[in-house]
Amino acid sequence: MKILVDRTKCTGLGICESLAPEHFEVNDEGELVLLDEHVTDDTLLGVEEAIAGCPTAALRLVR
């Protein structure tokens, strides 16, 4: 599975970073950095929570 980010929707709030820090980071400019777009079984739950918690619906998971 792979994470996709809609950069036109992302506002860099950092909720995703707090829920799945191995995949997401908000840099000093407030932009989302996707650290690892590939999701493993070990990180799936955190990524799903990050996607569900995104207030702008900027994240999605594709298979």
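Extending 7 Å from the Cα toward the beta-carbon at both Asp28 and Arg63 defines two label points whose distance is 4.2 nm. Taking every alpha-carbon pair within segment 2-62, the share separated by more than 16 Å comes to 30 percent. Dipole size of segment 2-62 about its Cα centre, with +1 on Lys/Arg Cβ and -1 on Asp/Glu Cβ: approximately 340 debye, rounded to the nearest 20. Relative to the longest principal axis of the Cα atoms of the chain, the long axis of helix 44-53 makes an angle of roughly 40 degrees.
Every number in this text was worked out from the coordinates using simple rules, so none of it is lab data. It should be emphasised that the depicted structure is a prediction, and the values quoted were computed from it without experimental measurement. Using ideal geometry, Cβ is built from the backbone for each residue, glycine included, and neighbour counts are taken over all protein chains shown.
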